[in-house]
Each structure stands twice: as structure tokens, then as C-alpha cells.
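All remarks here apply to the structure that follows.
The values are calculated or read from the model by the stated rules, or taken from the named source; none is laboratory data. Quick caveat: nothing in here was measured; it's all calculated off a predicted structure. Please note: Cβ atoms are built from the backbone with ideal geometry, for glycine as well, and neighbour counts cover all protein chains shown. We work out accessible area using only protein heavy atoms, side chains counted, and drop any ligands, DNA or RNA first. Shrake-Rupley method; radii C 1.70, N 1.55, O 1.52, S 1.80 Å.
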Amino acid sequence: MAGRGHGSARALLASALLSLLLSPARSYGGQNHGDWENPTPMPPLPPREDAARVARFVTHVSDWGALATISALRAVRGQPFADVLSLSDGPRGAGSGVPYFFLSPLQLSVRNLEENPHASLTMSLAQTDFCKKNVFDPQSPLCAHIMLSGTLTKVNETEMDFAKHSLFIRHPEMKTWPSSHNWFFAKLNITNIWVMDYFGGPKIVTPEEYYNVTIQ
């Protein structure tokens, strides 16, 4: 009886593992973020001639971006170092334009930022259904993406509640991450903005133009 019981348990475990291996990935790294086959739907792209509005739009619909820092690692000290990070500028329809992050001192990018807070952030509509539906390659400027540069700092007490709500409502899995990793909320203080949404090179948007846009 015991042998048959163990054999049955092993068969069930093997079946469960096989199911996991054959199932498609259901998210981009967190709960409720669409899936690889059906990226997050989004509202219509703003007019491309309105570069500031396009920049705010891309920031608001993005759930993640690639953050580049200056490496503090001995093997590549002083060289560019990029990592993919989850982010949010606010709840859907109520974006602030400020990219917020939930970070841990254990992350390599955070170690870099402790020595040099300067960073660049790239976000692309390739993470939505826009480029796939229009058959735009992620590198094509028609698949709009933006580049923001500035300094990354911890948020103060005034912004803490908004940053927490903004991130947890769009990345609910974050609430379950181990507290032993000493997570903290941070933001990118934007100083420069480039928009790539059409042929002919990037469009430059000032932070003032960027923050004067209202996104719904």
C-alpha cells in the first residue's frame, strides 16, 4: 500500500511539473500584467507632433523599463550597467509623470546608485499591444519609446503614500516580497527627455513641458 501511495504521489507531482513547463508565461513578471501572447491593451497614442504628451503617455502605460546606471562593480567599474525594473507613475488614468520604483539594497543597480545617483530610463510601447498590432519592430521609431535621464533618489514622507499606492496597485505581487530585503520607494528626478516616435531623430522635451501635460 505504501509503495502504491508513493508511486501515486510521484505521478501527481510529475504531472504538475509537466503542466507548469508546458503552460505559457502568464505575466511580464508580476500578477495582473497581461501575458506574453496578449500584451497589455492601451488607449490610442496621442498625436505624434505633441512630443510632450507622447512622453507622458509612454511613461503612464509602462509597467517596466530599462534603467541604466554607472557600475560600481569591480569587474566593470565605471561602465554602463542596465537592468529591467518594474515601475509606475500612478494608478491607471491618474499618472503623475514621475517614475516610481520599489528597490532593495541587494539589487546591483542600487549599489551603483549609492555611489552615483545619475541614471537613464528607457520605456517602450513594445510592452503593450500597440507595436504588435501595428507590426512595428521594437527598434522602429514607430514603436514609440522614450529616454529619461536624471538622478534616482528615495522618496520623502510627503510622497511615500502616493508612491506605495502607485506601485502596489499596478504590481500587487510587490506586497508579498520578503521584508528582509529592506525594500524602499524611489523615484527618478527627471532632467532630460528624448522622444523617439517617428523617423528623423529624437525630439527633445523639457521637464516643464512634460509635467504640464494632463493624462487621463
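If a residue must be touching a Ser or Thr at 6+ places or on another chain (Cβ under 7 Å), closer than 19 Å to F162 by Cβ and loosely packed, with under 12 Cβ neighbours inside 10 Å, how many such residues does the range 177-216 contain?
0
Condition check ((1) under 21 Å from A186 (Cα atoms); (2) part of a loop (DSSP other than H, G, I, E, B); (3) aromatic (F, W, Y)) across all residues:
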{"position": "T59", "(1), (2), (3)": "yes, no, no"}
{"position": "T69", "(1), (2), (3)": "yes, no, no"}
{"position": "A94", "(1), (2), (3)": "yes, yes, no"}
{"position": "C143", "(1), (2), (3)": "no, yes, no"}
{"position": "I146", "(1), (2), (3)": "yes, no, no"}
{"position": "S149", "(1), (2), (3)": "yes, no, no"}
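Here is a list of conditions, (1) β-branched (V, I, T); (2) farther than 28 Å from P44 by Cβ; (3) free of Cβ contacts under 8 Å to residues at least 24 places away in the same chain, and T153 meets all of them except one; can you say which number that is?
(3)
Please state which of the following conditions K164 fails to meet, knowing it meets all the rest: (1) in contact with a strand residue (DSSP E or B) (Cβ under 7 Å, 6 or more places away or on another chain); (2) among the charged types (D, E, K, R); (3) not in a helix (DSSP H, G or I).
So K164 meets the others, but not (3).
Consider the range 86-105. How many of its residues are of a type in the set (A, V, I, L, M, F, W, C) and in contact with a helix residue (DSSP H, G or I) (Cβ under 7 Å, 6 or more places away or on another chain)?
Within the range 86-105, residues that are of a type in the set (A, V, I, L, M, F, W, C) and in contact with a helix residue (DSSP H, G or I) (Cβ under 7 Å, 6 or more places away or on another chain) number 2.
Mind checking which residues of the range 73-111 are in contact (Cβ under 8 Å) with a residue 24 or more places away in the chain, over 15 Å from the mean Cα position of the chain (by Cα) and farther than 22 Å from M160 by Cα?
L73, F81, L108
Would you confirm, using the coordinates I've provided, whether S120 is open to solvent by 50 Å² or more (accessible area, probe 1.4 Å), at pLDDT 95 or above and either in a strand (DSSP E or B) or aromatic (F, W, Y) (or both)?
It is true that S120 is open to solvent by 50 Å² or more (accessible area, probe 1.4 Å), at pLDDT 95 or above and either in a strand (DSSP E or B) or aromatic (F, W, Y) (or both).
Is at least one residue of the range 69-84 open to solvent by less than 40 Å² (accessible area, probe 1.4 Å) and within 22 Å of P172 (Cα to Cα)?
Scanning the range 69-84 turns up no residue that is open to solvent by less than 40 Å² (accessible area, probe 1.4 Å) and within 22 Å of P172 (Cα to Cα).
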